[in-house]
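The values are calculated or read from the model by the stated rules, or taken from the named source; none is laboratory data. Quantities reported herein were computed from a predicted structural model and do not represent experimental measurements. Cβ sites come from the backbone with ideal geometry, for glycine too, and all protein chains shown count toward neighbours. Heads up: the accessible areas ignore ligands, DNA and RNA and are worked out on the full protein's heavy atoms, side chains in. Shrake-Rupley method; radii C 1.70, N 1.55, O 1.52, S 1.80 Å.
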Amino acid sequence: MTYNDHRAALAKADADLKQRFEAGESVVELVHARSRTIDELLLKLWAAHGDLRGAALLAVGGYGRGELHPYSDIDIMVLLPDQFPDAGKDSVTAFVTSLWDTGLEIGHSVRTVEQCVEEAGADLTVATTLMEARLLTGPEALFDAMMTATAPDRMWPSTTFFEEKRKEQIARHHRYHDTAYNLEPNVKGSPGGLRDIQMIGWIAKRHFGAASLAELVEHDFLSRGQLQRLEEGQAFLWRVRFGLHILTGRREDRLLFDHQINLARLLGYEDATYTLAVEQFMQRYYRTVMELSRLNEMLLQLFEEAILMDPNAPAEPLNARFQVKNGFLQTAHAQVFRDNPSSLLELFLLLQQNPDLRGVSAYTIGLIKRHLYLIDDEFRVNPRNHRLFLEILRAPEGVTHELRRMNLYGVLGLYIPAFGRIVGRMQYDLFHAYTVDEHTLFVVSNLRRFALSRFDDEFPQCSEIMQRLEQPEIAYLAGLFHDIAKGRGGDHSELGAVDAEAFCLEHGLSKYEAGLVAWLVRNHLALSMTAQKKDIGDPDVVNEFASLVGDPLHLDYLYLLTVADVRGTDPKLWNSWKAQLFRDLYQLTRRALRRGLENPIDRELLLQEKQEKARDILLGRNISAQRIDEVWSLFTDTYFLKHRVHEITWHTEWLADSDTDSNIGLVDVRRRKTGDGIEAVFFTPREKHTFAHATAVLDELGMTIVDARIVPIERDRTIDSFVFMELDDRVEIDEARIAKVRRSLTRILTAGEDNIAKVTRKVPRQARMFTTRTTVDISPDTTGDRIVLELSAADRPGLLSKIGQVFIEHGVDIEAAKIVTIGERAEDVFYVGHESGKKLDAAALQRLGDALVATLDSKPN
């Protein structure tokens, strides 16, 4: 047969495998069938090279296990005898070349036994690969000699092998942030993935000589039920990986957004009332890897106890139910959970109370799993269990760690059934970086860090607030329940509040305490939405929010929960600007509450205070009172209300040293004084419309805009302020970068309306997977003087500039903009008016809304 014939036969075999996969045939059979197909092809090509007699052809790695996916690496080794003729070596080269000519992606090595020993002794990865070697053809004696020479009694004894492999796994898990719950997990490498199963197999093979996971049952390291779950989990992940290879036409182990919807469809999932097919599929994935993570932990611990520890070490009793052996907590006997079901919670409390413990013994982990059925309705209403759970929440150390362990072992989702429903639940968007249960535990973890003085440097104000609260567990309970109703339909905040209040009352909290937790759950989005979407420079907005909060204690808890929640949604979404916004609203609201709700702060008083503080600073910088007054004669009350004191002093000092009569305009740029990022200010004639220009320039420079304020002032001028940050946090904001931004923004001053910069940056890969239709909601603000335009649209490069251009075309001035990006979606708020000063009528507003939708939903040219 020619190479073309071999290539055609291989393509036919691959097409057959794909057809069988789509028909639902067992993926286990398909993985092995692919391996057998490659076996047959290699043997034919090997036989075509006659000078290879005396050498052996070995399958190694995954191929050595007989496991091949459509585009898996095909790793082989040619094992040579010590004396091998040059003609034979030429045939080896020709054989390998023939594999490439046939279209196979081959990884190959050529070694003698001595070279195998040398390289395996120096590299654990090589030793692992050889351990899984399988003889395809050639002298068995040569193969046996290599396996004997690299056996545990010659190199990498099982103790060393185990320790090094454990370090490998820890390092690998760190690369995936120690969670399998990332939005785009790696089927092979993430925690709970295929590599974790392979880890178990490698150690079992090295220590016991076990050829398969099934043999671990014979060694009493696995029950038949555990083996079944391990095999079912592996088969599911194999099916996912096989499907990924088919969809992409390449070796692909990442569950990227690009593939998740198509893969869910390929695997037979369908949309349901409240849950998309892709969300159902990913929840199955996450729950599978959680179970595999649990089995991986238990088995590696069993191996550790068998390989590294003294099996005859004495056990030290902790109480009548638990003891410590080799540093691990374990039950005193096999009937502990059956005789005393509350021990299923007590175990986690003991781990908190004894921080020196290394963990839970593998035997006990298995017992927990077998006795989870005891966590039923009777268990959940038992007052002793209520006390134990609250003690766990109130413990001085280990709260988050034990909640995570409770979740991993399946206890938390059974004790709080509503939590069980969100385990592994993902939301198909770019805003939530983790599954709902993982996000929830991150929120509690963030709250815990506020409570522990060793983390005071992270969020000093949050730490100070949390550490003065008498009942921090109120915050933890609110964190546990804030998203617990996700995926049920309806308002998850309202539904979760009902669950939270019932749980708290059942657990003996007072009506006030239960009501406070429920209020926090119901309103957990209120502070972030007010800060990000409303004009908190407006005293009416602050007073309205203060009325919602009611008292300083509710405000303290809500502020802490908000910071913890936003930080726990996606670390990339948290920045110093949001921190400042939330902090500003918190401080303004505290002030309003101190005055009393019946005595709200008024504009005149706020204006006076800001001006007095700014004047004192400016006089201290040797700016004359006369010059301050000259600059301030340009400013309006609205300007002072919308800007912070440090911004007023910056703008005043800048304009005091500039030509404010210029008809071209002025621009200044600086690194933000109170956080990350850059801020810019324009002083221009009103007709300049800097918003459309500036947003385009900044977008093209790779900036994300977080705030914009366009404030009309005297002499038909405007002060336009922008706060922006680098999209790529690896870019250093140095003087050169500031200078480049300043030069780019300065060019705007001489640009016409028809010369707005083009934004050429591409839409990010992940965002392209979503279709978000533009919606526009227009209403008067609380005073009735301005129009509030709320816009939701697909976030993409150039979006804000396009919006600005539509405003220009319709004669609309922007007075302020609140820029909010929620994953793949922009949810921006604009306060607008007509450039002539007259009110926009209903027809004009309708035309504006229609134009925005038409422009933003149109396909790019």
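Some observations on this one:
- Hz values of 3J(HN,Hα) by residue in the stretch 474-485 - Karplus curve (6.51, -1.76, 1.60), Gly and Pro given as x: 4, 5, 5, 5, 5, x, 5, 9, 4, 10, 5, 9
- Cα gyration tensor shape of the stretch 484-537, rounded if a/c is under 1.5, else prolate or oblate by comparing a/b with b/c: oblate
- Simple spin-label estimate for residue 624 and residue 47 in nanometres, 7 Å along Cα-Cβ: 10.3
- Electrostatic dipole magnitude of the stretch 615-692 [Cβ: Lys, Arg +1; Asp, Glu -1; Cα centre; debye, to 20]: 300
- Each Lys and Arg adds +1 at its Cβ and each Asp and Glu adds -1 at its Cβ; summed about the Cα centre, the stretch 651-703 shows a dipole of about 160 debye.
- Interchain or long-range residues, amide H under 5 Å from residue 772's placed H: 794
- For the stretch 551-619, size of Cβ-based charge dipole, Lys and Arg +1, Asp and Glu -1, in debye: 220
- Working from label points 7 Å from Cα in the Cα-to-Cβ sense, the residue 11 to residue 633 distance is 8.4 nm.
- Among 773-781, 208-216, the peptide with the highest mean count of other Cβ atoms within 10 Å heads the list, and the full ranking is 208-216, 773-781.
- The stretch 641-717: GluC sites (Glu not before Pro) falling in loop per DSSP and having at most 16 other Cβ within 10 Å: 714
- Protection proxy ranking, peptides 156-169, 264-277, average beta carbon neighbours within 10 Å, highest first: 156-169, 264-277
- Residues of the stretch 526-606: accessible area per residue with a 1.4 Å probe, Å²: 37
- Residue-normalised accessible area of the stretch 108-262, given per residue in Å² at a 1.4 Å probe: 43
- Rolling a 1.4 angstrom probe over the protein heavy atoms with all chains in place gives the stretch 375-508 an accessible area of 36 Å² per residue.
- Under 5 Å between amide hydrogens, built in the peptide plane, is the criterion, and for residue 719 it picks out 711, 713 among residues at least 5 positions away or on other chains.
- Solvent exposure, largest accessible area first (probe 1.4 Å, DNA, RNA and ligands not counted), of 657, 716, 538: 657, 716, 538
- Beta bridge orientation in the chain: antiparallel %, DSSP, nearest 5: 90
- Computed 3J(HN,Hα) for the stretch 528-535, one whole-Hz value per residue from the Karplus formula 6.51 cos²θ - 1.76 cosθ + 1.60 where θ = phi - 60°, is 5, 5, 5, 5, 8, 10, 10, 8, glycine and proline marked x.
- Additional length obtainable on full extension of the chain from residue 843 to residue 584, 0.36 nm per residue less Cα span: 89.5 nm
- Cα gyration tensor shape of the stretch 11-162, rounded if a/c is under 1.5, else prolate or oblate by comparing a/b with b/c: oblate
- Share of carbon and sulfur in the accessible heavy-atom surface of the chain [1.4 Å probe, %]: 49
- Ranked by how many other beta carbons lie within 10 Å on average, peptides 188-200, 396-408, 486-498, 296-308 from highest: 188-200, 296-308, 396-408, 486-498
- From phi via Karplus (6.51, -1.76, 1.60), per-residue ³J(HN,Hα) for the stretch 362-371 in Hz, x at Gly/Pro: 4, 4, 6, 4, x, 4, 4, 4, 6, 10
- Each residue, residue 313 and residue 373, gets one label point 7 Å from its Cα in the Cβ direction; the gap between the two is 3.3 nm.
- Global form of the stretch 90-196, assessed from the alpha-carbon gyration tensor, a/c cut-off 1.5: oblate
- For residue 704, the residues whose amide H sits under 5 Å from its own are 725, 726, 727, ignoring neighbours fewer than 5 places away on the same chain, with H placed 1.01 Å from N.
- Ranked from largest to smallest solvent-accessible area, with a 1.4 Å probe on the protein heavy atoms, 585, 619, 701 come out as 619, 701, 585.
- With a threshold of 20 Å on the Cα-Cα distance, the over-threshold entries among 758/818; 642/673; 165/205; 578/688; 802/838; 534/642 are 758/818; 578/688; 802/838.
- Distant alpha-carbon pairs in the stretch 554-631 (separation over 18 angstrom), percent: 60
- A straight chain from residue 510 to residue 604 at 0.36 nm per residue would run longer than the Cα-Cα distance by 29.6 nm.
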